[in-house]
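Each value in this text was obtained by applying a stated rule to the coordinates, not by laboratory testing. What you are looking at is a predicted structure, and each value in this text was computed from that prediction instead of being measured. All Cβ positions, glycine included, derive from the backbone under ideal geometry; neighbour counts span all protein chains shown.
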Amino acid sequence: MPKDYYKILGVGKSASAEDLKKAFRSLAHKYHPDKPGGDAEKFKEINEAYQVLGDPQKRTQYDQFGSGAFDGSGGGNPFGQGFGGFSAAGGPAGGWDFSGFQGGAGFEDLGDLFGGMFGFGGGRRQTARGNDIQVDVELPFRDAVFGVDREVALTKPTTCARCGGVGAEPGSKMKTCQECGGKGVKTVTQRTMLGTIQSRVACPACDGEGEVPETPCTECHGSGIARRKTSLAVTIPPGTDDGVVYRVRGEGEAVRGGQAGDLLVHVHVGRDPRFARDGSTIRSSAKIGFTQAALGGTIDAETLDGKVELKIPAGTQGGAQFRLRGKGVPTRHGRGDQIVTVEVVTPTKLTKEQRALIEKLDLREE
Ligand SMILES: [Zn+2]
Ligand SMILES: [Zn+2]
């Protein structure tokens with residue numbers, strides 16, 4: 001059903017951006033569902049209207065195509081997202097649940113307006129998660145090809161070993177948090193441009209636990225988290241390429257009452273002047289003299305497994321490529337190959353005797 005966003009905000013089609021903002025603020029204030037006489041449906045409608053008209057680009061779109069361009073129901077939605085998932089769940093505390101909100105276009109603006117009220121939808125608590133940590137690991141070329149175990153040294157927030165993350169000195173009892181009366185949440189009153197808004201946040205004194213220790217842990221001062229130097233063995237698998245990032249779950253920063261972040265291992269592979277990597281293929285080059293090129297012979301080719309004999313057939317041209325099977329990078333399906341490109345070296349210093357012989361050969365193409 002097409003909606004008249006101008007009518008919803010009670011303004012005319014020629015309303016300025018300032019008029020729209022004013023109208024939105026006053027209506028949002030009036031119908032805010034946390035207020036007596038609030039109206040969640042109406043509030044939602046006002047928000048939807050302002051999301052579109054408050055954005056000059058979307059407003060132009062709306063003026064041309066109407067609200068069908070935004071509700072996600074009709075085809076030709078130019079933004080590929082609707083506002084359909086916006087739901088007001090009347091939780092036990094009458095809180096709001098924005099988890100069903102899809103798209104997120106312009107959502108930041110709303111977040112700014114209502115501050116902390118989004119954190120505690122319907123009285124449910126979000127699980128805290130620690131930050132990820134990134135470490136850089138430098139590997140020699142060969143180690144990256146064959147894989148290697150590396151010790152990674154880290155100083156990071158870790159669950160306190162003395163109290164096991166509880167924050168209480170061992171043997172100390174827990175007592176009800178004075179700050180929140182054991183509820184774990186606090187109602188804070190914020191003054192915003194919409195007026196005074198009450199929102200519920202995790203109690204900062206007990207981190208939402210509702211209890212605090214009688215004697216805080218002497219190691220972490222009750223936080224349950226201590227910065228510690230740790231060392232972690234990281235297995236770099238065979239076939240690792242430069243720039244790869246491995247994620248080690250749960251080895252990032254610990255956080256009280258939540259799950260630790262991840263450790264991101266960023267691999268940098270050093271160069272080897274003898275080899276280049278091309279997926280599972282190793283590329284190298286070998287120099288041969290023109291006698292070897294003309295008559296054929298055997299050369300020692302460098303591989304990651306050491307030197308191997310490579311037969312050069314008679315009549316080999318410069319730039320010819322030879323395949324050494326199974327001398328490449330390990331993969332799930334076995335090792336790749338090595339490709340050796342032959343360079344024919346033309347002599348630059350000749351003895352009188354050599355010069356005479358070559359002249360006698362008189363090898364010309366034309
Ligand atoms: Zn502790
Ligand atoms: Zn508390």
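Of the peptides 256-263, 171-178, 289-296, the ranking by mean beta-carbon count within 10 Å, highest at the top, reads 256-263, 289-296, 171-178. Computed from backbone phi, the HN-Hα couplings of segment 11-26 come to 10, x, 5, 9, 4, 7, 4, 5, 4, 4, 4, 4, 4, 4, 4, 5 Hz, rounded to whole numbers (Karplus: 6.51 cos²θ - 1.76 cosθ + 1.60, θ = phi - 60°; Gly and Pro given as x).
Taking amide H positions as modeled 1.01 Å from N, with prolines and chain starts lacking one, the residues under 5 Å from residue 3 and 5 or more places away or on another chain are 67, 68. With Cα atoms as the point set, the radius of gyration and Dmax of segment 276-361 evaluate to 16.0, 56 Å. Take the Cα of residue 247, step 7 Å toward its Cβ, do the same at residue 178, and the gap between the two points is 4.3 nm.
Phi-derived couplings, Karplus 6.51 cos²θ - 1.76 cosθ + 1.60 at θ = phi - 60°, listed residue by residue for segment 354-366: 4, 4, 4, 5, 5, 4, 5, 5, 6, 7, 10, 8, 8 Hz, with x used for Gly and Pro.
Restricting attention to segment 276-361, the count of lysine pairs at 8 or more positions apart or across chains with alpha carbons under 22 Å apart stands at 8. Modelled this way, with points 7 Å down the Cα-to-C-beta line, the labels at residue 142 and residue 307 are 1.5 nm from one another.
With Cα atoms as the point set, the radius of gyration and Dmax of segment 146-298 evaluate to 28.1, 94 Å.
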